[in-house]
Amino acid sequence: MPNPGPSAKDRKTVAEGLSKVLADSYGVYLKTHGYHWNVSGPTFSQLHALFMTQYTEMWAAIDEVAERIRALGELAPQGYGAFGNLSSIKDGDPTKDAAAMIKDLIESHESLIGTLYGVLPTAQEAGDEVTASLISDRLTAHEKHLWMLRASL
C-alpha cells in the first residue's frame, strides 16, 4: 500500500510550526527592508545592496512557506496582528547606526534559525519530507545571510 503521507493531526502540527516560521520570516524581512531604507554612513552602499539582496531572497521564501501551510490543509496566518502574536522578532529601529542594525539583524536571523531548527524534528517525525526539505532550504539561506552579516561587522 502506498504511503499516504502525514496524518491529518501531524499536518496540523507541522502547519502550526510553519506558521511561527512564517511570522518570524516576515519579521526579519520587514526589519531587513526597513534597514535597507534607513542605513547610513560610510558603508551605506554596501549595506544597502546587501540588505536588498537578503530581503529579496526572503520575500520569495515567505510565499513558499505560506503555500506549504496551505498544502498541509491549514490557513496561513496573515496580517500584522496574527504575525505579532506568533513571532519572536521585534521591530527594527531606524535610528540605529549601521553596526547596530547589523547586530540586530544577526540576532533576528539567529532567532529565526532557532525557530526553523525547532520545527524540523516535528516535520521529520511526521514523515513530512516536503516540509523538512523546505526547512532545510530556509536554514541554508538564513545561515548564509547570517554569515554575510557577521562578515560585515
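The values are calculated or read from the model by the stated rules, or taken from the named source; none is laboratory data. Note that this is a predicted model, so its numbers are computed, not measured. Note that we place each Cβ from the backbone using ideal geometry, even for glycine, and neighbour counts take in every protein chain shown. The area values use the complete protein model at the heavy-atom level, side chains included, leaving out ligands, DNA and RNA. Shrake-Rupley method; radii C 1.70, N 1.55, O 1.52, S 1.80 Å.
Which value in nm describes the separation of the simple spin-label points at residue 38 and residue 78, placed 7 Å from the Cα toward the beta carbon?
Output for this residue pair reads 2.7 nm.
So what is the relative contact order for the stretch 23-87, in percent, with contacts set as C-alpha pairs under 8 Å and at least six apart?
Computed over the stretch 23-87, the figure is 46 percent.
How high is the relative contact order of the chain? Use alpha-carbon pairs under 8 Å, at least six apart in sequence, and give a whole percent.
About 34 percent, as a whole number.
For the stretch 83-128, state what percent of all Cα-Cα pairs lands in each successive 10 Å bin, counting from 0 Å until the bin that includes the largest distance.
In whole percents, the pair-distance histogram is 24, 38, 25, 10, 2.
In deg cm²/dmol, rounded to 500, what helix-only [θ] at 222 nm does the chain give when every DSSP H run of at least 4 residues adds -39500 (n - 2.57) and the total is split over its residues?
-27000 deg cm²/dmol
How far, in nm, would the chain grow between residue 9 and residue 56 when pulled straight, counting 0.36 nm per residue and subtracting the alpha carbon separation?
Stretched fully, the residue 9-residue 56 segment lengthens by 13.6 nm.
Can you tell me the length gained on complete extension of the stretch residue 97 to residue 117, counting 0.36 nm per residue apart and subtracting the Cα distance?
Answer, rounded to one decimal: 4.2 nm.
Give the Rg (one decimal place) followed by the Dmax (whole number) of the stretch 44-153, computed from C-alpha coordinates and expressed in Å.
When restricted to the Cα atoms of the stretch 44-153, Rg and Dmax are 15.1, 45 Å.
Enter the angle in degrees (range 0 to 90, nearest 10) between the Cα long axis of helix 98-125 and the first principal axis of the Cα atoms of the chain, meaning the one along which they spread out most.
10
Please determine, in degrees from 0 to 90 and to the nearest 10, the orientation of helix 8-38 with respect to the longest principal axis defined by the Cα atoms of the chain, where the helix direction is its Cα long axis.
10
Normalised by the empirical 2.2 N^0.38 Å for globular proteins, what value does the Cα Rg of the stretch 37-77 take?
Cα-based Rg divided by the globular estimate yields 1.71.
Taking only protein heavy atoms and a 1.4 Å probe, what accessible area per residue, in Å², does the chain have with all protein chains in place?
54
Roll a 1.4 angstrom probe over the protein heavy atoms and tell me the percent of accessible area of the stretch 59-127 that is carbon or sulfur.
Looking at the stretch 59-127 in its full context, I get 50 percent from C and S.
In sequence order, what are the phi-derived ³J(HN,Hα) couplings for the stretch 39-45 according to the Karplus relation 6.51 cos²θ - 1.76 cosθ + 1.60 with θ = phi - 60°, rounded to whole Hz, with x for glycine and proline?
Once rounded to whole Hz, the list reads 5, 8, x, x, 9, 3, 4.
Just reorder 13, 115, 95 by solvent-accessible area, largest first, 1.4 Å probe, all chains present.
Putting 13, 115, 95 in descending order of accessible area: 95, 13, 115.
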